[in-house]
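Take a look at the structure set out below.
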Amino acid sequence: MTIDLNGKVVLVTGGTGSFGTAFTRRLLDEFPTVTVRVFSRDELKQSEMATKFEHDSRLRFFVGDVRSRARLGRATKGADYVIHAAAMKQVTACEYNPFEAIQTNVLGSQHILDAAIDNDVKIVVALSTDKAVNPVNLYGATKLCEEKLIVQGNAYATQSNTKLC
C-alpha cells in the first residue's frame with residue numbers, strides 16, 4: 001500500500017536522529033508538498049538540520065520531549081501522520097539510567113498515542129527493535145512495553161480514526 005503524503009503533515013519524533021534525518025530527507029525528496037514537523041529536544045541539532053536542509057520551507061521544528069504530554073498535544077495538532085522514532089537507544093545508558101529509559105521509551109510512547117488519539121492523527125508508526133523480542137536488558141524491555149502500548153492503544157482509539165502500529 002502506498003500513501004500519497006503530498007499536502008499532508010508528518011510529525012517525526014526523534015526527528016534529528018539518524019533515522020529521523022534520513023526519513024525526513026526521503027519525505028522531502030519524494031513529496032513536493034509535504035510538511036514535516038521535526039520534534040526533538042536538541043535545538044542545536046535542529047539548527048544544524050535546518051542548515052543541512054537549506055532552510056526548506058516545508059520543515060517545521062518543535063523543540064520538545066516525548067516526556068511532555070502537553071507539548072506532544074501541541075505538536076500533533078493538525079498532523080496527519082506520526083512517525084515515532086524518539087527513544088533512548090544506548091543499552092549502557094538505559095542500564096545506568098533505568099528510570100530515564102522508562103520515562104522516554106515507555107511513558108513517552110503512551111504520550112504519543114494519547115496525543116495522536118486526542119488530535120485524530122490518521123496513523124502512528126512506532127519504531128521498535130529486535131531487542132524487544134525476549135529482552136535481556138532494559139532497553140529491550142522498554143521497547144517491548146512500547147510495542148504493547150501501541151498495539152493495545154488501538155482498543156482505546158475505537159472512537160477515533162487513529163490507527164497505531
>> Quick test for you: out of ARG67, ARG60, ARG25, ARG37, pick the one residue that is assigned to a helix (DSSP H, G or I) and among the charged types (D, E, K, R).
In response: ARG25
>> Just checking, does region 136-148 include any residue being in contact (Cβ under 8 Å) with a residue 40 or more places away in the chain, over 26 Å from ASN97 (Cβ atoms) and open to solvent by 40 Å² or more (accessible area, probe 1.4 Å)?
In response: no
> Would you call PRO98 over 15 Å from the mean Cα position of the chain (by Cα), at pLDDT below 95 and surrounded by fewer than 19 Cβ atoms within 10 Å (Cβ to Cβ)?
Replying inline: no
> In the list ALA93, ALA155, which residue meets the criterion of being modelled with pLDDT under 95, in a helix (DSSP H, G or I) and surrounded by fewer than 15 Cβ atoms within 10 Å (Cβ to Cβ)?
Replying inline: ALA155
> Looking at region 12-19, is at least one residue open to solvent by 20 Å² or more (accessible area, probe 1.4 Å) and more than 24 Å from LEU144 (Cβ to Cβ)?
Replying inline: yes
> For residues in region 112-132 being buried (at least 23 other Cβ atoms within 10 Å of the Cβ) and outside any strand (DSSP E or B), which is nearest to the chain's Cα centre (by Cα)?
Replying inline: ILE112
> Could we say that ALA70 is within 19 Å of THR142 (Cβ to Cβ) and either of a type in the set (Gly, Ala, Ser) or in contact with a strand residue (DSSP E or B) (Cβ under 7 Å, 6 or more places away or on another chain) (or both) here?
Replying inline: no
> Would you pick out the residues in region 28-44 that are surrounded by 15 or more Cβ atoms within 10 Å (Cβ to Cβ) and within 24 Å of LYS8 (Cβ to Cβ)?
Replying inline: LEU28, PHE31, VAL34, THR35, VAL36, ARG37, VAL38, PHE39, SER40
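The values are calculated or read from the model by the stated rules, or taken from the named source; none is laboratory data. Fair warning: this is a prediction, and the values are worked out from it, not measured in the lab. Here Cβ is always computed from backbone atoms with ideal geometry, including for glycine, and neighbour counts include all displayed protein chains. Just so you know, the surface numbers come from the protein's heavy atoms only, side chains and all, with ligands and any DNA or RNA stripped out. Shrake-Rupley method; radii C 1.70, N 1.55, O 1.52, S 1.80 Å.
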